[in-house]
Amino acid sequence: MMSNQVHDLDVTNANIPIAISARHCHINEEDFYHLFGRKAVLQKWKALSLPGQFASQQVLTIKGPRGHIDNVRVLGPFRTETQVEISQTDAIKLGVAPPIRMSGDLADSESITLIGTNGIRHKKQGLIIAQAHIHMAVSDAAAFHVKDKDIVTVEISGKVRQLHLMNVVVRVSPDFILEMHVDTDEANAAAIHTHSIGKLIKME
Ligand SMILES: [Zn+2]
């Protein structure tokens, strides 16, 4: 097959549950204790759909040159690097220009100031806008005829608006359950809410 050929998939059962990621902060141990104090505990407030991941009881304030946003949820468990994920709308409010990236790809990402109940931390990098992606189990990837890191297009349709979101990254792991993650700007653009469904429409 030509590599640039558009390949229409069999769309039978191609429905993908969509989860909308609000702005949040993955945190490393050092930053957590600096921001919330030595006695703070990173513990589960709500489970997230990815196994082992949780929303903690902590929230922090993020601050940029133009403004700040309160009540940004801290997620656990601890990561090696602190990573804050916001939307483009948030970026405008803060006066920052984070790159659109996959989680963990933080080289030369945007700087951000974190304000906790116990301290302030200025991070030289770690602020990104998360690239839309689909978590898939190995069996899902086989059913969709895609593999890890493939770039696909997904139709996300609210009741009134239909949107084709391009440059969606496929992520395959035995630990994943089938779920597409979009940010609040992408969800609002399609006027979708929780429990919406996306359709994988083609490979690029
Ligand atoms: Zn995700």
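Pairs linking a residue in the range 178-198 that is in the same structural domain as Val160 (by TED's automatic domain parsing) to a residue that is part of a loop (DSSP other than H, G, I, E, B) and polar (S, T, N, Q), with Cβ atoms under 8 Å and 6 or more positions apart or on different chains, are Glu179/Ser49; Asp183/Ser87; Thr184/Ser87; Asp185/Ser87.
Residues are listed down the side, and each one gets a yes or a no for (1) more than 16 Å from the ligand (Cβ to nearest atom); (2) of a type in the set (Phe, Trp, Tyr); (3) touching a Leu at 6+ places or on another chain (Cβ under 7 Å):
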{"position": "His26", "(1), (2), (3)": "no, no, yes"}
{"position": "Val41", "(1), (2), (3)": "yes, no, no"}
{"position": "Gln53", "(1), (2), (3)": "no, no, yes"}
{"position": "Val72", "(1), (2), (3)": "yes, no, yes"}
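On inspection, Thr113 qualifies as assigned to a strand (DSSP E or B) and not assigned by TED's automatic domain parsing to the domain that holds His195. Being within 16 Å of the ligand (Cβ to nearest atom) and among the charged types (D, E, K, R) is the filter; apply it to the range 141-155 and report the residue that is surrounded by the most Cβ atoms within 10 Å (Cβ to Cβ). Filtering the range 141-155 for residues that are within 16 Å of the ligand (Cβ to nearest atom) and among the charged types (D, E, K, R), the one surrounded by the most Cβ atoms within 10 Å (Cβ to Cβ) comes out as Asp150.
The lone criterion from (1) within 16 Å of the ligand (Cβ to nearest atom); (2) touching a Ser or Thr at 6+ places or on another chain (Cβ under 8 Å); (3) outside any loop (DSSP other than H, G, I, E, B) left unmet by Gly126 is number (1). Do we have Val138 as over 18 Å from Ile20 (Cβ atoms), at pLDDT 95 or above and buried (at least 16 other Cβ atoms within 10 Å of the Cβ) here? The answer is no for Val138.
Output yes when any residue across the range 185-204 is among the β-branched types (Val, Ile, Thr), under 20 Å from Ala19 (Cα atoms) and in a strand (DSSP E or B), and no when none is.
Our first condition is that a residue be among the β-branched types (Val, Ile, Thr); within the range 185-204, this holds for 192, 194, 197, 201.
From what is left, the residues that are under 20 Å from Ala19 (Cα atoms) are 192, 194, 197, 201.
The next check asks that each one be in a strand (DSSP E or B); those that pass are 197, 201.
Checking the range 185-204: at least one residue is among the β-branched types (Val, Ile, Thr), under 20 Å from Ala19 (Cα atoms) and in a strand (DSSP E or B).
Here are some residues: Val146, Val96. Which one is assigned to a loop (DSSP other than H, G, I, E, B) and farther than 23 Å from Ala22 by Cβ? Let's see the steps before the verdict.
Numbers: Val96 fails: farther than 23 Å from Ala22 by Cβ.
Only one candidate qualifies: Val146.
Residue count for the range 12-36 satisfying the condition of being in a loop (DSSP other than H, G, I, E, B) and either surrounded by fewer than 13 Cβ atoms within 10 Å (Cβ to Cβ) or free of Cβ contacts under 8 Å to residues at least 24 places away in the same chain (or both): 2.
What residue, among those in the range 156-179 that are surrounded by 15 or more Cβ atoms within 10 Å (Cβ to Cβ) and away from the ligand (no atom under 12 Å from the Cβ), is nearest to His135 (Cα to Cα)? I'd like the intermediate steps shown before the answer.
Here is the first cut: in the range 156-179, the residues surrounded by 15 or more Cβ atoms within 10 Å (Cβ to Cβ) are 156-158, 163, 165, 168-172, 176, 178-179.
Imposing the further condition that a residue be away from the ligand (no atom under 12 Å from the Cβ) reduces the set to 156-158, 163, 165, 172.
Working: Ile156: 16, Ser157: 19, Gly158: 21, Leu163: 20, Leu165: 16, Val172: 6 Å.
My answer is Val172.
The values are calculated or read from the model by the stated rules, or taken from the named source; none is laboratory data. This one's a predicted model, so the numbers in the text were calculated from it and none came from an experiment. With ideal geometry, Cβ positions are generated from the backbone for all residues, glycine too; neighbour counts draw on all protein chains shown.
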